[in-house]
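The values are calculated or read from the model by the stated rules, or taken from the named source; none is laboratory data. Quick caveat: nothing in here was measured; it's all calculated off a predicted structure. Don't worry about glycine lacking a Cβ; one is built from the backbone with ideal geometry, like all the others, and counts go over all protein chains shown. Please note that ligands, DNA and RNA were not included when accessible areas were found on the heavy atoms of the full protein model with its side chains. Shrake-Rupley method; radii C 1.70, N 1.55, O 1.52, S 1.80 Å.
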Amino acid sequence: MIELNGIEKSYGELKVLKGVSLSVAKGDVICIIGPSGSGKSTLLRCINYLEEPEAGEIRLDGKIAYRDIVRGRIVARPRAEIDATRREFGMVFQDFNLFPHMNVLGNVAEAPVRVRGLTRAEAERRGVALLDRVGLANKVDSWPEELSGGQKQRVAIARALAMEPKAMLFDEPTSALDPELVGEVLEVMRFLAAEGMTMIVVTHEMGFARQVADRVIFMDQGQIVEEAPPEQFFAAPRMPRTKAFLRMAQQES
Amino acid sequence: MDLLNLSVVAEYYPVLLRGFGMTILMTLIVITLSLTLAIPVALSRMSGNFLVRLVGGTYVELLRGTPLVLQLVYIYFVLPGVGIRLDGFVAALVALTLHYTAYLSEVYRAGIQSVPKGQTQAASALGMSRGQTFIRIVLPQAVRTVTPALGNYFISLFKDTALASVVTVQELLFSGQIIAARTYQYFTIYTVCMIMYFSVGYPAALFVRWLEKRTSGGYARRRRRQKGGQA
């Protein structure tokens, strides 16, 4: 469903992605792990074009997304078309990025009203149902500032789901949370995975990757070093860099 | 000596009130115009296009770097030389609007830039267009941040309308000058003018201080209070 071919991205002199290719089928749950600065968040942001890669192509359902190659040169498509592709992906950010000037229901209903043209009443009806699914039916009228980090992140998940995306992108969704709040967010994500949602998750939660992922990807220095099913990935990693990283991660936990 | 001559006030108060009305009218017109015009100017200064940025930047720096009185005099006395003849009232409105648009655009720019990048990214990720993101996500947060600063500029605008007297607009100060010249009751007339300005300026300043307090906290309590205080 999602295909990345030879994605490259630099910030000035620094090359953060050095030709990354990845294929994700419908219903796949992919966990991307790796040290900070390995390019995993950037890769995720290339998928919904929050970052524009310099080279490589992104395909959604077989069709090239966001831009065309005209006579060997990359030409970005009109912004409206980029927006249209972008909304096929729901994104959850490390620091939530809820809209502070809207209440919880407003956060969830905003994009369906503005982008998909739903009536406010319909968007709110669906919003309440989604908030119920993430266990926040009683917080509909609350304001983001009144919520805990875990609650905020669950609202953010509901907000992304409200656009009925084809796939969900999670950018370290639990990294900004107090340890005791991590569980409630992972539980919602597990639930989503069980429902068959296609998910790409950048995370440091090894337990989650082990239990939920169909495939685990280890990235380092802008490249995919190793890609394997979780049982194999964690029990018998092949690459030395993966082994070293997993050993370090284990020591920390 | 009886400095305060109330009979002069009794005789001329309609003139003063008319002048005061003119002062208020000019303030309101310029607020409306500059509040609106400052948005495109602020956006031009953040444009990706170098030329657009240059034009916006030049305009803002020119108007911030020269005295308002000179700008006003320039428009009224110099522009007729190139065939643009404006009456005093219009010239004053143009000068004040140009001047305050420059300042307010800087306030807007600061406000817009104070909204975290993550907000725009979240909106983009939801498929919202640039326009929708700006109007629904960035602007409301920016406006809230800058409201107290805007209030302060409105107060100084209210006082700066007195400069229109230089180009014969009969606002409050000029009305006072006319009466004072005719009656020689300088102390009385100018004291009354002072009181009239202060009677608006001071409550406005108090209001801005209250706004500052109200917009400094979170969003929740404010809304709750509006709904009838269940928090």
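Please verify whether the range B:171-182 includes one or more residues that are in a helix (DSSP H, G or I), over 30 Å from A:GLU52 (Cβ atoms) and of a type in the set (D, E, K, R).
Start the filter on the range B:171-182 by keeping residues that are in a helix (DSSP H, G or I), which leaves B:172-182.
Subset that is over 30 Å from A:GLU52 (Cβ atoms): B:172-182.
Now narrow it down to the ones that are of a type in the set (D, E, K, R): B:182.
Yes, that holds for at least one residue.
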Problem set entry | Test set (1) within 18 Å of A:ALA209 (Cβ to Cβ); (2) open to solvent by less than 30 Å² (accessible area, probe 1.4 Å); (3) outside any helix (DSSP H, G or I) - A:GLN153 fails condition number | (3)
Exercise. Quick check: is even one residue across the range A:192-204 touching a Phe, Trp or Tyr at 6+ places or on another chain (Cβ under 7 Å) and either open to solvent by 10 Å² or more (accessible area, probe 1.4 Å) or at positive phi (or both)?
Worked result: no
Problem set entry | the range B:135-147, residues that are more than 12 Å from every other protein chain (Cβ to nearest Cβ) and surrounded by fewer than 18 Cβ atoms within 10 Å (Cβ to Cβ) | B:THR147
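Mind listing just one residue for me: the one in the range B:111-128 that is open to solvent by 30 Å² or more (accessible area, probe 1.4 Å) and closer than 20 Å to A:ALA109 by Cβ and, of those, nearest to the other protein chains (Cβ to nearest Cβ)?
Filtering the range B:111-128 down to residues open to solvent by 30 Å² or more (accessible area, probe 1.4 Å) leaves B:113-114, B:116-117, B:120-121.
Next, only the ones that are closer than 20 Å to A:ALA109 by Cβ stay: B:120-121.
On the way: B:THR120: 9, B:GLN121: 6 Å.
Checked the range B:111-128; the qualifying residue nearest to the other protein chains (Cβ to nearest Cβ) is B:GLN121.
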For this session: Name, by its number, the condition in (1) in a helix (DSSP H, G or I); (2) surrounded by 19 or more Cβ atoms within 10 Å (Cβ to Cβ); (3) more than 9 Å from chain B (Cβ to nearest Cβ) that does not hold for A:ILE58.
Result: (1)
For this session: Scan the range A:106-141 residue by residue and report those that are touching a residue at least 12 places away in the same chain (Cβ under 8 Å), more than 14 Å from every other protein chain (Cβ to nearest Cβ) and basic (Lys, Arg).
Result: A:ARG126, A:ARG133
For this session: Find all pairs meeting these conditions: Cβ atoms under 8 angstrom apart; at least six residues apart or on different chains; first residue within the range A:80-97 and free of Cβ contacts under 8 Å to residues at least 40 places away in the same chain; second residue surrounded by fewer than 19 Cβ atoms within 10 Å (Cβ to Cβ).
Result: A:ALA80/B:SER129; A:ILE82/A:ALA76; A:ASP83/B:SER129; A:THR85/A:LEU60
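Out of all the residues in the range A:163-171, is one or more under 19 Å from the mean Cα position of the chain (by Cα) and farther than 24 Å from A:ILE33 by Cα? I'd like the intermediate steps shown before the answer.
If we filter the range A:163-171 for residues that are under 19 Å from the mean Cα position of the chain (by Cα), which is where we start, we get A:163-171.
Still in the running and farther than 24 Å from A:ILE33 by Cα: A:163-164.
Yes, the range A:163-171 contains a residue that is under 19 Å from the mean Cα position of the chain (by Cα) and farther than 24 Å from A:ILE33 by Cα.
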Problem set entry | Subset of the range B:38-66 (residues that are of a type outside the set (Ser, Thr, Tyr), within 25 Å of B:ALA92 (Cα to Cα) and open to solvent by less than 80 Å² (accessible area, probe 1.4 Å)) | B:ALA38, B:ILE39, B:PRO40, B:VAL41, B:ALA42, B:GLY56, B:GLY57, B:VAL60, B:LEU63, B:GLY65
Exercise. Going through the range A:24-55 one residue at a time, which ones are buried (at least 21 other Cβ atoms within 10 Å of the Cβ), assigned to a loop (DSSP other than H, G, I, E, B) and of a type in the set (A, V, I, L, M, F, W, C)?
Worked result: A:LEU50
Seminar exercise, completed: Within the range A:225-244, residues charged (D, E, K, R), within 21 Å of A:VAL24 (Cβ to Cβ) and loosely packed, with under 13 Cβ neighbours inside 10 Å come out as A:GLU231
For this session: Check off (1) within 30 Å of A:GLY127 (Cβ to Cβ); (2) in a helix (DSSP H, G or I); (3) touching a residue at least 12 places away in the same chain (Cβ under 8 Å) for A:GLU187 and give me the number that stays unchecked.
Result: (3)
Exercise. Can you name the residue in the range A:61-103 that is crowded, with 17+ Cβ neighbours inside 10 Å and within 18 Å of A:GLU8 (Cα to Cα) and is also farthest from the other protein chains (Cβ to nearest Cβ) among such residues?
Worked result: A:ARG67
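Looking at A:PRO173, A:PRO165, can you tell me which residue is over 25 Å from A:ARG116 (Cα atoms), within 14 Å of chain B (Cβ to nearest Cβ) and either open to solvent by less than 30 Å² (accessible area, probe 1.4 Å) or of a type in the set (Asp, Glu) (or both)?
On the way: A:PRO165 fails: over 25 Å from A:ARG116 (Cα atoms).
The conditions single out A:PRO173.
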For this session: Residue by residue through the range B:167-195, note down the ones that are touching a residue at least 60 places away in the same chain (Cβ under 8 Å) and either of a type in the set (Phe, Trp, Tyr) or surrounded by fewer than 18 Cβ atoms within 10 Å (Cβ to Cβ) (or both).
Result: B:THR168, B:PHE174, B:ILE178, B:THR183, B:PHE187, B:THR191
